[in-house]
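Each remark here refers to the structure printed beneath this line.
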Amino acid sequence: MYALKSFANGFEYIEIQNSAAHAKIALQGAHIFDYVRSGSALLWLSETSKFEEGRAIRGGIPICWPRFGNLDKSLPQHGFARIFLFELIKVEEVNERLTQVHLQLKSSEISKKIWNYDFTLDIVFDISETLSISMKTTNEDAKEFLLTQAFHTYFQVKNIENITIEGLKGVEFLDTLTDTKSVENRALKISAETDRVYLGVKRDICLREDDKEVLIHAENSHSAIVWNPWIEKCSKMSAMQPEAYKEFVCIESANAFDDFRTLKPNERYTLSVEYRMQRS
Ligand code: BG6
């Protein structure tokens, strides 16, 4: 079953229920903000996040595109896709356990004022036992363009201080808080503000808390970002309660920093990710 719904202000989303999972996806930003399987929520959503035109939802999975981060000062932080309205191309109930949702953003006069390229961005969600998302960029322009991007996933956790993030041992990272590079030498635990870009990621990442684990499998990505604002920054962030930092961690599958891509005219590129929740 699925239905196109809207909040009182007209902000639209698709609600999906099949025998494997339940999900909600906003048309603005092709932004999934709820995915629940066997009574367990994968995604964190800020209690104070507003569902408003032109403002990114705080939580769920913002799509950072065509830029990750704020290195390119000519574009908004994390690009503009997360605040643009996507077109709903198709919802397909493939079988009772799999619903596929296809959303699309095409360049327009408005997007070209921000980023002067013709493009098509296709986001496809597979709502099933796992949550899979692909983002396909097509360069429809006569000139090549540079692309950095990410699934900026906010994972819900019970207590940030109890989690471990595995799969990054031996991977070099840039600590953007100190602007220094190091190599990860252990499973990561978080007990302070963390903002790291891991480069050369080759394995799946596992987020573990008690007996719950989330396996993160990305395709065509060699970079991952781990972010938690911790106490001070959290109290200053938009659409976030002061204590919210305890309830989430962002692990972002990306093409960021040195892992950027250049797309020639007519070239296509797909970044995809799969999340699997399980008990160990
Ligand atoms: C992370 C960045 O990906 O996103 C952080 O590494 C940033 O530096 C965070 O603060 C949140 O960004 P925004 O634009 O959603 O507030």
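The values are calculated or read from the model by the stated rules, or taken from the named source; none is laboratory data. These numbers were taken from a predicted model, which means no experiment stands behind them. Note: ideal-geometry Cβ built from the backbone for every residue, glycine included; neighbour counts use all protein chains shown. The protein model used for the area step is the full one, side chains on, heavy atoms only, and it has no ligands, DNA or RNA in it. Shrake-Rupley method; radii C 1.70, N 1.55, O 1.52, S 1.80 Å.
Structure values in brief
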| read-out | value |
| --- | --- |
| Residues of the range 147-276: accessible area per residue with a 1.4 Å probe, Å² | 46 Å² |
| Too-long pairs where the Cα-Cα distance tops 31 Å, listed order kept, from LYS136/LYS158; LYS90/LYS158; LYS24/LYS169; LYS5/LYS136; LYS50/LYS73; LYS73/LYS106 | LYS136/LYS158; LYS90/LYS158; LYS24/LYS169 |
| Only Lys, Arg (+1) and Asp, Glu (-1) charged, at Cβ; the chain dipole about Cα centre in debye | 240 debye |
| Carbon plus sulfur fraction of accessible area for the chain, probe 1.4 Å, in percent | 47 percent |
| Value of D in µm² per second that Stokes-Einstein yields for the chain, Kirkwood Rh from Cα pairs, at 20 °C (1.002 mPa s) | 112 µm²/s |
| Lys/Arg +1, Asp/Glu -1 at C-beta; the chain dipole; positive extreme among LEU27, CYS250, SER238 | SER238 |
| Pair GLU243, ASN95: separation of 7 Å Cα→Cβ label points (nm) | 4.4 nm |
| Ordering of 257-269, 222-234, 176-188 by packing [mean C-beta count within 10 Å, highest first] | 222-234, 257-269, 176-188 |
| Packing-based ranking, highest mean first, of 246-254, 158-166 given that Cβ atoms within 10 Å are counted | 246-254, 158-166 |
